[in-house]
1. Considering only residues that are among the β-branched types (Val, Ile, Thr) and surrounded by fewer than 24 Cβ atoms within 10 Å (Cβ to Cβ), which ones fall in region 227-249?
2. If I ask for residues that are under 13 Å from the mean Cα position of the chain (by Cα) and either among the acidic types (Asp, Glu) or at pLDDT 95 or above (or both), which ones from region 136-172 would you list?
3. May I ask you to verify whether residue 211 is of a type outside the set (A, V, I, L, M, F, W, C), open to solvent by 10 Å² or more (accessible area, probe 1.4 Å) and free of Cβ contacts under 8 Å to residues at least 24 places away in the same chain?
4. Residues that are in contact (Cβ under 8 Å) with a residue 24 or more places away in the chain and open to solvent by 10 Å² or more (accessible area, probe 1.4 Å): find the helices (runs of 4 or more DSSP H) completely inside region 140-195 holding 3 or more of those.
5. For residue 252, are the conditions met, namely being within 22 Å of residue 70 (Cβ to Cβ), touching a residue at least 24 places away in the same chain (Cβ under 8 Å) and open to solvent by 40 Å² or more (accessible area, probe 1.4 Å)?
6. If we keep just the residues of region 119-135 that are part of a loop (DSSP other than H, G, I, E, B) and either open to solvent by 10 Å² or more (accessible area, probe 1.4 Å) or of a type outside the set (A, V, I, L, M, F, W, C) (or both), which is modelled with the lowest pLDDT?
7. When the residues of region 205-261 are narrowed to those that are part of a loop (DSSP other than H, G, I, E, B) and touching a Leu at 6+ places or on another chain (Cβ under 9 Å), which ends up nearest to residue 300 (Cα to Cα)?
8. Sort out which residues of region 215-272 are of a type in the set (Val, Ile, Thr), within 17 Å of the chain's Cα centre (by Cα) and within 22 Å of residue 15 (Cβ to Cβ), and write them in order of number.
Amino acid sequence: MTRDSDTADLQVCLGRLTLPNPIMVASGTFGYAREMEQIVDLSRLGGIVPKTITSQMRKGNIPWRTIETSSGLLNSIGLDNDGLDAFIENHLPYLVRLDAPVIVSIAGENQADYVGIAKRLDACIGVAALELNISCPNVAHGVDFGSNPELCEQVVRDVREHCALPILTKLTPNVTNIVELADAAAAGGTDAVCLTNTLLGMAVDWRKQRPLLGNNVGGLSGPAIKPVSLRCVYQVAQAVDIPIIGIGGIANINDCMEFFVAGASAIQIGTANYYDPTITMKILDALPTAVAELGTNKFSDIPGSIEPN
C-alpha cells in the first residue's frame, strides 16, 4: 500500500514562479536560513523568504522592539539589516546553495530605490523571485505604496519592466479595501500577492503612562490576526484573478488548509517559527494526508475550493 506522501503532487505555480510545495517561511521570522539549518531540513521547504533588505544598512528602531500580546506578537524592528551589498556578499551565496527556492524580500525608500534593488538582484544567479515589501508598518512611509492603489500599480509595473524575476507583492491589511490594492498589484504585473503583512497595534504601560514599544506602535502578528488575514485572502480570491500567498497566524495544518480552501495557493509561516522552529516540518509531514482527505492527490485542486454560504 502506498502512503499519501508517495503519491501527492504538491507542486505550486504562482505566475512565473513554480514551487515544489506550498509551505514557505515568512520574511523576518527565519533569519537568513543559516540560523535554522541544524533543526530544519531546509531542502523540504517550498520557499525561503529571508529578512527584508534595503539598499543601505538600517539600524532599525529603538527598543523595545517586540512585545508579546494575547495570542500574538507586536514587533517594531524597523527593517534592521546590513544593506544590499552585504546581503549579496555575505548571505546570498549560502542561500542559493540550498535546494529550496529563495525569494528575496526588498523594501525601498521610493520607486527608484525598489527598481535599483530589483535590478541588482536580477543579475544574481540563484534568486527565484522577489517579494516587494510595500506594507511594513514600522518604518516611515513603509505602507505608502501598499495603501495607495495607484502607487502600488506603479511600483509593481516599474519593477516588472526592469527586472525579469517573478514578483510577489506583500500587501497590508491596514486599508479600507484590500481588493483594490490586490487588483492594482495585478494590473502592475505582479505574479502573486502576499496577504497579509501585520496589523498595526500598540501596547501601553499604564503605570508609566508610556507606550512599551520604542516606536510607539508596531505590527501585530500571530494567531490573533488569522481571522483578518483569512478574510483578506477570501475577499481577494473572490474578486481578483491572481495567485495568493496566505500569511497571518498560521500555526498548524488546519490553519494551512483553511487558507488554501479560502483561496491561497501557498502560505508563509511567520510567528510560529519563534515558539516552534520545526513547525514547517510538522506541517509538511501532515500536508499529503490533508490533501487526500479532500478527495484528491493533487494540491492544485484545493486552492479556492470553498463554497460560500
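1. Initially, region 227-249 is screened for residues among the β-branched types (Val, Ile, Thr), giving 228, 233, 236, 240, 242, 244-245, 247.
228, 240, 242 - these are the residues of region 227-249 that are among the β-branched types (Val, Ile, Thr) and surrounded by fewer than 24 Cβ atoms within 10 Å (Cβ to Cβ).
2. Kept after step one, since they are under 13 Å from the mean Cα position of the chain (by Cα), are these residues of region 136-172: 136, 167-172.
Correct list: 167, 168, 169, 170, 171, 172.
3. Numbers: of a type outside the set (A, V, I, L, M, F, W, C): yes; open to solvent by 10 Å² or more (accessible area, probe 1.4 Å): yes; free of Cβ contacts under 8 Å to residues at least 24 places away in the same chain: yes.
Against the criterion (of a type outside the set (A, V, I, L, M, F, W, C), open to solvent by 10 Å² or more (accessible area, probe 1.4 Å) and free of Cβ contacts under 8 Å to residues at least 24 places away in the same chain), residue 211 qualifies.
4. Numbers: elements: 144-147, 149-162, 178-188.
Ranges flagged: 149-162, 178-188.
5. On the way: within 22 Å of residue 70 (Cβ to Cβ): yes; touching a residue at least 24 places away in the same chain (Cβ under 8 Å): yes; open to solvent by 40 Å² or more (accessible area, probe 1.4 Å): yes.
In short, yes.
6. Step one: of region 119-135, the residues part of a loop (DSSP other than H, G, I, E, B) are 123-128, 134-135.
Then keep just the ones that are either open to solvent by 10 Å² or more (accessible area, probe 1.4 Å) or of a type outside the set (A, V, I, L, M, F, W, C) (or both); that gives 123-128, 135.
On the way: 123: 97, 124: 98, 125: 97, 126: 97, 127: 98, 128: 98, 135: 91.
Here the answer is 135.
7. So in region 205-261, the residues part of a loop (DSSP other than H, G, I, E, B) come out as 206-209, 212-216, 222, 240-243, 248-252.
Next, only the ones that are touching a Leu at 6+ places or on another chain (Cβ under 9 Å) stay: 212-213, 222, 243, 248-249.
Values: 212: 44, 213: 42, 222: 26, 243: 11, 248: 21, 249: 22 Å.
Only one residue fits best here, namely 243.
8. Keep residues of region 215-272 that are of a type in the set (Val, Ile, Thr), which gives 217, 225, 228, 233, 236, 240, 242, 244-245, 247, 250, 253, 261, 267, 269, 271.
From what's left, within 17 Å of the chain's Cα centre (by Cα): 225, 228, 233, 236, 242, 244-245, 247, 250, 267, 269, 271.
Across region 215-272, the qualifying residues are 233, 236, 242, 244, 245, 247, 250, 267, 269.
The values are calculated or read from the model by the stated rules, or taken from the named source; none is laboratory data. For clarity, every value in this text was computed on a predicted model and none was experimentally measured. Neighbour counts are summed over all protein chains in view; Cβ atoms, including those assigned to glycine, are modelled from backbone coordinates with ideal geometry. The area values use the complete protein model at the heavy-atom level, side chains included, leaving out ligands, DNA and RNA. Shrake-Rupley method; radii C 1.70, N 1.55, O 1.52, S 1.80 Å.
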